[in-house]
Amino acid sequence: MPMEKKIRVLIAKPGLDSHDRGAKVVARALRDAGMEVIYTGLRQTPEQIAETALQEDVDVVGLSILSGAHKTLFPKIMTLLKKKGLEDVMVFAGGIIPEEDVPELKRIGIKEIFGPGTPTERIVQYVLSNISERS
Amino acid sequence: MPLANVEELVKGILTGDRRMIARAISVAENNPLEAQRLIAAVYPRTGRAHVVGLTGAGGVGKSTLAEKIIHEYRRRDKTVGVVAVDPTSPFTGGAFLGDRIRMQELTGDEGVFIRSMATRNYVGGIAKATRNAVRILDAAGKDVVLVEAVGAGQSEVEIVKVAHTVVVMHAPGLGNEIQAIKAGIMEIADIFVVNKADRENAAKTATDIQGILQLGGKEGGWKVPVLKTIALTGEGVAELVDKIGEHRQFLQSGGGTEREAMRIETELVEAVKDKVAEAVFFGLRKREKFQELLKKIIDREIDPASAADELLRKMGID
Ligand SMILES: Nc1nc2c(ncn2[C@@H]2O[C@H](COP(=O)(O)OP(=O)(O)OP(=O)(O)O)[C@@H](O)[C@H]2O)c(=O)[nH]1
Ligand SMILES: [Mg+2]
């Protein structure tokens, strides 16, 4: 009997943030929308994030960051994802990211950036309507 | 990247390509027809890995212990694959896969491959695709494959169908040991672990379990040991890994033949059942006779069981 394909999402927290409430809220919202959400906890290195995305064969990576280190960490993550052949994975980001940094982040391949207080429904909707069809 | 076809996946698995292993496990989860071709191709290369199952109630420390077990195997120069299963919500179909949090330190070690897996409402504490994920990791050359079952504890005993050595975990203060026996979970144990041995009453919990185990007594000469661990610090883990090795020795020197035969028989029967169900689902529904009988059941001209007999006769199965 055919099994239903599920959207798999990695919610990752790069950098040295000391709490992950926001990331968990997003993770739960995506789960409640029927997705399989892998959560890996605080303080993930770019290598851990890219390698987890690979092993878990996710369709989507959501990066959550509060510490302000996105300018150094996000490009590293994007480079590693590419290096591992994961350029078809959709990456979005959330947390505290100044408006002026957004264009550069989009240029390196981050599809969307959600500021603090974004309703989780918006993130869910975004993922559902932007996910590319994979097997 | 264009999707890899089955041949590419098989080649990738056999050369240990991690990306291909990951994609292959997704195929096992999502696409039964391709999965069958894939497993058929790698099956001759399976059977090398020792498959260890970890089960026990939620929060008993399975993932924390898994991490320490993997480290211990790495110290012994063994490569390790992990399948960590968490439940799918029956209401939303979604799942929160959090076992990996405790094993993240190992992500990046090339000798370790960890995959989280949702049950997708398969009952028994693992997912339907767990067995094939284990085979993929086995064929990819992992020396040990560790399966963390869902921590529910009730009748989560499907793990015996995939694991050579089943480690059942308990912790002091988690509840009634007699309850555990009733649920059948203790009968599947090859090794018993009392985790959180840093807590009060750990010794008493171990003695209680030892007492209960003596009542049962597993057939075939393997005496189920009761070990104590502190997964947080790794205490007792080297002894546990030694015991797993001893159990493997026991299985390989003949103690496991019967169990292996039973496992394969069960799988064959299940495969036949699945195929019949598939045939019914796709084939039968299209038949005129099926529609005709449906109507008759609604009109109370025939009961469902007798209608099923009639259909089976028509298919030549009775
Ligand atoms: N005191 C103490 N706490 C422990 C020990 N092992 C694990 N824990 C804690 O127990 C909690 C649950 O540990 P996990 O490893 O996530 O348990 P689990 O069985 O994998 O849980 P599920 O996957 O949710 O069923 C964590 O807070 C651990 O830190 C131990 O030996 N001693
Ligand atoms: Mg766990």
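Tabulated results
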| quantity | calculated |
| --- | --- |
| Given (1) at pLDDT 90 or above; (2) among the basic types (Lys, Arg); (3) over 30 Å from residue B:224 (Cβ atoms), number of the condition residue B:243 does not satisfy | (3) |
| Residue satisfying all of: in the range B:48-60; modelled with pLDDT of 95 or more and part of a loop (DSSP other than H, G, I, E, B); nearest to the chain's Cα centre (by Cα) among these | B:49 |
| Which listed residue, of B:53, B:59, is buried (at least 16 other Cβ atoms within 10 Å of the Cβ) and within 16 Å of ligand 1 (Cβ to nearest atom) | B:53 |
| Any pair with Cβ under 8 angstrom, 6 or more apart, that starts in the range B:296-307 at a residue that is among the charged types (D, E, K, R) and surrounded by fewer than 14 Cβ atoms within 10 Å (Cβ to Cβ) and ends at one that is assigned to a helix (DSSP H, G or I) and modelled with pLDDT of 95 or more | B:303/B:297 |
| Single condition residue B:85 does not satisfy, out of (1) within 12 Å of ligand 2 (Cβ to nearest atom); (2) more than 21 Å from residue A:7 (Cα to Cα) | (2) |
| Filtered residue count, the range B:103-119, keeping only those that are at the interface with chain A (Cβ under 7 Å from one of its Cβ atoms) and either touching a residue at least 24 places away in the same chain (Cβ under 8 Å) or under 24 Å from residue A:32 (Cα atoms) (or both) | 5 |
| Criterion violated by residue B:164 - all others in (1) touching an Asp or Glu at 6+ places or on another chain (Cβ under 7 Å); (2) under 20 Å from residue B:227 (Cα atoms); (3) more than 16 Å from ligand 2 (Cβ to nearest atom); (4) not acidic (Asp, Glu) satisfied | (1) |
| Residue identified as closer than 29 Å to residue B:32 by Cα and in contact (Cβ under 8 Å) with a residue 40 or more places away in the chain among B:313, B:263 | B:263 |
| Qualifying positions in the range B:38-47 - assigned to a helix (DSSP H, G or I) and either touching a residue at least 24 places away in the same chain (Cβ under 8 Å) or among the hydroxyl-bearing types (Ser, Thr, Tyr) (or both) | B:38, B:39, B:41, B:42, B:43, B:45 |
| Only listed residue being in contact with a strand residue (DSSP E or B) (Cβ under 8 Å, 6 or more places away or on another chain) and over 23 Å from residue B:188 (Cα atoms), chosen from B:46, B:79 | B:79 |
| Selection status of residue B:74, touching a strand residue (DSSP E or B) at 6+ places or on another chain (Cβ under 9 Å), closer than 24 Å to residue A:84 by Cβ and without any contact (Cβ under 8 Å) to a residue 60 or more places away in the chain | yes |
| Residues that are of a type in the set (S, T, N, Q) and closer than 17 Å to residue B:138 by Cβ, drawn from the range B:1-25 | B:15 |
| Residue in the range A:56-69 that is in contact with a helix residue (DSSP H, G or I) (Cβ under 6 Å, 6 or more places away or on another chain) and within 11 Å of another protein chain (Cβ to nearest Cβ) present | yes |
| Members of the range B:87-111 that are of a type in the set (Phe, Trp, Tyr) and out of contact with any helix residue (DSSP H, G or I) (no Cβ under 8 Å at 6 or more places or on another chain) | B:91 |
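The values are calculated or read from the model by the stated rules, or taken from the named source; none is laboratory data. Quantities reported herein were computed from a predicted structural model and do not represent experimental measurements. Please note: Cβ atoms are built from the backbone with ideal geometry, for glycine as well, and neighbour counts cover all protein chains shown.
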